[in-house]
Amino acid sequence: MRFFSIFLLSLTLSTCSQSDLQEVTYQTERVEYISKNILGFENLFGEGLKSQEDKEVFGILHFPENYDLAKKYPAIVASHGSSNWRAHHLKYLEQMRQAGFIVFAMHPFDSRGVNSTVGNQINVTSETVIYDMAMSLNLLWDDPRIDNQKIYAAGWSLGGTATLFNSWLPLQNSLNKSGASYSGYLMWYPGCLALPDLNKWDKDLMQIYIGEEDNWTPPQPCKELVSDINSQGGSAFIEIYPNSFHSFDGPQPLRLIPDAYSWADCKLKLNAKTKKVYDPENTELDFSNPRLRRAAYESCAKKGEVMAGASPEYKNAAHEHLASLLPKLD
């Protein structure tokens, strides 16, 4: 592992325009570590995992104001959605940092030379981002600057899906260091898709923010998951914003995203024994082969129907809720 500090770092994120970017004038640190490129959920486990390609990736640590080397800080590991880091994501990262957290911004796309997975979903798979997030936890767990009893996962859309699956206990048992676990999970419009048929989830805080009309990552499966988790003694919550779509908190107006897949009609599940994604009504699907994976997506997902963009009424609602939540996590 190589560590080096960068001061006055400008976030040269490929999907943000110059007007979106703000020069960073606080202490940051780029961290490089080993992850993998994962194709097929079953390859997050056992021998399948060993066969997957290693990949050096990086993330950026963002330190709070008046950072004190003598203190341990709570931390939040965060990952972006299918269009890479966007201006509204950075606004949340700054909110977290201002609340006294060390924020570790993962860069799963930039590490792999990818700008976007919209309409693709194969050039960087959800399994890959899930794995990056688990390796980020392992990376920070023994960092003397961080209180490892207060490391939280956070993510938007694709990053929210990675956050969600990092709370599934069989995955934690496969990937996490002994004794390591996130202390809570913050998700903005995650894909509550291909959920396991074994409801064994971390009982720590799970908070979801999602629009009622989201047809990119629909809210109904998330609502059902929250109910299932709480019925087993968990601590899951969901904020659903009426008349709001995907990226309801973003800077762009509501619009059609023609290349995006709508998952509203998909009934995919995850077999807890084989760890393979399947469709109860289509047993021929294969998610571990790139060509067949695309066909598997298109067996239920539809392009040309996805709406996304800001809700005039609820654009700041998640920020306001997070402002009340963060002090409870510190």
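The values are calculated or read from the model by the stated rules, or taken from the named source; none is laboratory data. Keep in mind that what you see is a predicted model, and the values were worked out from it rather than measured. When we count neighbours, we look across all protein chains shown, and the Cβ atoms used for this are built from the backbone with ideal geometry, even at glycine.
May I ask you to verify whether residue 62 is of a type outside the set (Val, Ile, Thr), modelled with pLDDT of 95 or more and closer than 15 Å to residue 124 by Cβ? Spell out the reasoning first.
Working: of a type outside the set (Val, Ile, Thr): yes; modelled with pLDDT of 95 or more: yes; closer than 15 Å to residue 124 by Cβ: no.
Against the criterion (of a type outside the set (Val, Ile, Thr), modelled with pLDDT of 95 or more and closer than 15 Å to residue 124 by Cβ), residue 62 does not qualify.
Would you check if residue 143 is over 15 Å from the mean Cα position of the chain (by Cα) and either outside any loop (DSSP other than H, G, I, E, B) or more than 21 Å from residue 44 (Cα to Cα) (or both)? Please lay out each step first, then the result.
Values: over 15 Å from the mean Cα position of the chain (by Cα): yes; either outside any loop (DSSP other than H, G, I, E, B) or more than 21 Å from residue 44 (Cα to Cα) (or both): yes.
Spelling it out, residue 143 is indeed over 15 Å from the mean Cα position of the chain (by Cα) and either outside any loop (DSSP other than H, G, I, E, B) or more than 21 Å from residue 44 (Cα to Cα) (or both).
Just a yes or no: is a residue in the range 43-60 farther than 26 Å from residue 170 by Cβ and buried (at least 16 other Cβ atoms within 10 Å of the Cβ)? Even if it seems obvious, please write down each step before you answer.
The first filter runs over the range 43-60 and keeps only residues farther than 26 Å from residue 170 by Cβ, leaving 56, 58, 60.
Okay, now just the ones that are also buried (at least 16 other Cβ atoms within 10 Å of the Cβ), so 58, 60.
Yes - at least one qualifying residue is present in the range 43-60.
Looking at (1) within 16 Å of residue 210 (Cβ to Cβ); (2) at pLDDT 90 or above; (3) surrounded by 14 or more Cβ atoms within 10 Å (Cβ to Cβ), can you tell me which one residue 305 breaks?
With (1) within 16 Å of residue 210 (Cβ to Cβ); (2) at pLDDT 90 or above; (3) surrounded by 14 or more Cβ atoms within 10 Å (Cβ to Cβ) applied to residue 305, the lone miss is (1).
From the list 241, 278, 261, pick out the single residue that is modelled with pLDDT under 95, more than 19 Å from residue 302 (Cβ to Cβ) and not charged (D, E, K, R). Outline the logic, then answer.
Numbers: 241 fails: modelled with pLDDT under 95; 261 fails: more than 19 Å from residue 302 (Cβ to Cβ).
None of the others qualify; the one that does is 278.
Looking only at residues that are surrounded by fewer than 23 Cβ atoms within 10 Å (Cβ to Cβ) and of a type in the set (Gly, Ala, Ser) in the range 202-233, which one is nearest to residue 244 (Cα to Cα)?
My answer is 227.
I need the full set of residues from the range 108-124 which are free of Cβ contacts under 8 Å to residues at least 40 places away in the same chain and either closer than 23 Å to residue 327 by Cα or among the polar types (S, T, N, Q) (or both), in order please.
Hits for the range 108-124 are 120, 123.
Confirm whether residue 253 is more than 21 Å from residue 117 (Cβ to Cβ), of a type outside the set (A, V, I, L, M), exposed (fewer than 15 other Cβ atoms within 10 Å of the Cβ) and at pLDDT 95 or above. Can you show your working first?
Details: more than 21 Å from residue 117 (Cβ to Cβ): yes; of a type outside the set (A, V, I, L, M): yes; exposed (fewer than 15 other Cβ atoms within 10 Å of the Cβ): yes; at pLDDT 95 or above: yes.
When the stated conditions are applied, residue 253 passes them.
Given the conditions (1) buried (at least 20 other Cβ atoms within 10 Å of the Cβ); (2) without any contact (Cβ under 8 Å) to a residue 40 or more places away in the chain; (3) among the aliphatic types (A, V, I, L, M), and given that residue 75 satisfies all but one, which numbered condition is not satisfied?
Single failed check for residue 75: (2).
When residues of the range 79-129 are filtered for being assigned to a strand (DSSP E or B) and either more than 13 Å from the chain's Cα centre (by Cα) or on the phi > 0 side of the Ramachandran plot (or both), how many remain?
Looking only at the range 79-129, we keep the residues that are assigned to a strand (DSSP E or B), and these are 79, 81, 84, 102-106.
Going one step further and asking which of them are either more than 13 Å from the chain's Cα centre (by Cα) or on the phi > 0 side of the Ramachandran plot (or both), we end up with 84, 102-103.
Number satisfying all stated conditions: 3.
Please go through (1) in contact (Cβ under 8 Å) with a residue 60 or more places away in the chain; (2) of a type in the set (Gly, Ala, Ser); (3) crowded, with 20+ Cβ neighbours inside 10 Å; (4) within 24 Å of residue 315 (Cβ to Cβ) for residue 105 and return the number of the only condition it doesn't satisfy.
Here residue 105 meets the rest and fails (1).
Give me the residue from the range 165-198 that is of a type in the set (S, T, N, Q) and either in a loop (DSSP other than H, G, I, E, B) or at pLDDT below 95 (or both) and, out of that set, farthest from the chain's Cα centre (by Cα).
Of the range 165-198, the ones of a type in the set (S, T, N, Q) are 166-167, 172-174, 176, 178, 181, 183.
Of the ones still in play, those that are also either in a loop (DSSP other than H, G, I, E, B) or at pLDDT below 95 (or both) are 166-167, 176, 178, 181, 183.
Working: 166: 9, 167: 11, 176: 17, 178: 22, 181: 16, 183: 15 Å.
By that ranking, first place goes to 178.
Could you tell me whether any residue of the range 210-226 is in a strand (DSSP E or B) and of a type in the set (Val, Ile, Thr)?
Restricting attention to the range 210-226, the residues satisfying the condition of being in a strand (DSSP E or B) are 210-211.
Then keep just the ones that are of a type in the set (Val, Ile, Thr); that gives 210.
Checking the range 210-226: at least one residue is in a strand (DSSP E or B) and of a type in the set (Val, Ile, Thr).
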